[in-house]
Every structure is written in structure tokens, then in C-alpha cells.
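Here is the structure we will look at.
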Amino acid sequence: YMANIIIQDLKYLGAVSWCSWTAVNGDGLIDIDNGNLKLFNRYNAYMHFSRFIKPGAVRIDTMNNKSDSQIESIAFKDGDSIILVLVNNAGDSQKIEFSGMRGKYEMYLSDATHNCEKYQSGSMLLSHEMPPRSIETIIVR
């Protein structure tokens, strides 16, 4: 949910930055529970943007050829790198095909079992299956 809001604000409203006003409490990104730090899923969603998209990165267009797609996407160019954030809102995996993205890549995943973790890398990415209800950040260099 949070990743969708961030993408929509950046993409459709032209926001140039985004912050969470309630970062620490039961409705925020983190909480303190009996002296222990508790990270919410929103924290991992926020990481896909704050960890990889740096000041000065320029938003570039993404294209979705499926009118019924449940994938939200946003991309940025930062020097020689492209940073692509994808959100799969569907309850099943979705095949993603890439064009115009050539080079070495790293892919980071948040889903039911991953918390913004690097889980794939290689020299060229043409397509792949995106897990259900997940967020991916792909960095192409």
C-alpha cells in the first residue's frame, strides 16, 4: 500500500521528495515494543525508495503494455544507472518483460519472506516472474 502511494505521488503529482510523518509508532515505519525495535512492512516498502533513489536522480517514463495490469512502476536515471521500482498488487506472480534495459543488474525484493533483500543479479535481464504482492527494485548499470 505505501509503495503504491509513493509511486503515485512521485509519478502523477510530480512530487520531488517523499517522507513519512509518522515514522515511529504503531502506525509508522518502526516501533519500540518493550525495548525492542519492531520494523513494519512499510519500513521495507520505504527502503525501496530511500535506499536506492538518491538526490539528483531524474524520473524517466516506464511503459506498461497491459491495460489490466496490477503492476505499478516508476524509474529513475542516476548517472549511468537506471533504478526501477515495481509493485505487484496481484495475489499471483506476474511475468515482467523488459526492453531497453541492457547491462548488469541487481534485484532487491520485499514480499512475504524477503525484506528489501538482494536476491538476484546478472548481466542482462529480459523477463522474469515477479512474486505475488511484492516490491522489487532493479538497478541496471
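Scanning region 12-57 for residues that are modelled with pLDDT of 85 or more and open to solvent by less than 50 Å² (accessible area, probe 1.4 Å) yields a count of 8. Looking across region 91-122 at every residue that is closer than 22 Å to residue 51 by Cα and hydroxyl-bearing (Ser, Thr, Tyr), the one that is most open to solvent (accessible area, probe 1.4 Å) is identified as 113.
With 86, 109 as the choices, which residue is assigned to a strand (DSSP E or B), in contact with a Pro (Cβ under 8 Å, 6 or more places away or on another chain) and modelled with pLDDT of 90 or more?
Values: 86 fails: in contact with a Pro (Cβ under 8 Å, 6 or more places away or on another chain).
Result of the check over 86, 109: 109.
Note on region 123-136: residues that are open to solvent by less than 20 Å² (accessible area, probe 1.4 Å) and of a type in the set (D, E, K, R) total 1.
Pairs linking a residue in region 126-141 that is touching a residue at least 24 places away in the same chain (Cβ under 8 Å) and assigned to a loop (DSSP other than H, G, I, E, B) to a residue that is small (Gly, Ala, Ser) and surrounded by fewer than 21 Cβ atoms within 10 Å (Cβ to Cβ), with Cβ atoms under 7 Å and 6 or more positions apart or on different chains, are 131/93; 132/90; 132/91; 132/93; 133/91; 141/81; 141/103. The single condition among (1) within 16 Å of residue 4 (Cα to Cα); (2) open to solvent by less than 70 Å² (accessible area, probe 1.4 Å) that residue 64 does not satisfy is (2).
Conditions (1) at positive phi; (2) of a type in the set (Asp, Glu); (3) over 15 Å from the mean Cα position of the chain (by Cα), marked per residue:
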| site | (1), (2), (3) |
| --- | --- |
| 55 | no, no, yes |
| 73 | no, no, no |
| 77 | no, no, no |
| 83 | no, no, no |
| 103 | yes, no, yes |
| 115 | no, no, no |
| 119 | no, no, no |
| 136 | no, yes, no |
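Restricting attention to region 32-61, which residues are more than 16 Å from residue 135 (Cα to Cα) and among the polar types (S, T, N, Q)? Step through it out loud before you land on a result.
In the first step, residues of region 32-61 are kept if they are more than 16 Å from residue 135 (Cα to Cα); the result is 32-39, 54-61.
If the condition is that a residue be more than 16 Å from residue 135 (Cα to Cα) and among the polar types (S, T, N, Q), then 34, 36 are the ones that fit.
In region 43-65, the residues that are closer than 11 Å to residue 82 by Cβ and part of a loop (DSSP other than H, G, I, E, B) form Cβ pairs under 7 Å with partners that are among the acidic types (Asp, Glu) and modelled with pLDDT of 90 or more, at six or more places apart or across chains, as follows: 57/78.
I'd like the residue in region 67-79 that is acidic (Asp, Glu) and at pLDDT below 95 and, out of all such residues, is surrounded by the most Cβ atoms within 10 Å (Cβ to Cβ).
Pass one, region 67-79, residues acidic (Asp, Glu): 68, 72, 78.
If we keep only those that are at pLDDT below 95 as well, we get 68, 72.
On the way: 68: 4, 72: 20.
Result: 72.
The values are calculated or read from the model by the stated rules, or taken from the named source; none is laboratory data. The shown structure was predicted, so the numbers you read here are calculated from the model rather than taken from an experiment. Backbone-built Cβ (ideal geometry, glycine too); neighbour counts: all protein chains shown. In case anyone asks, the SASA skips ligands and DNA or RNA and just uses the protein heavy atoms, side chains included. Shrake-Rupley method; radii C 1.70, N 1.55, O 1.52, S 1.80 Å.
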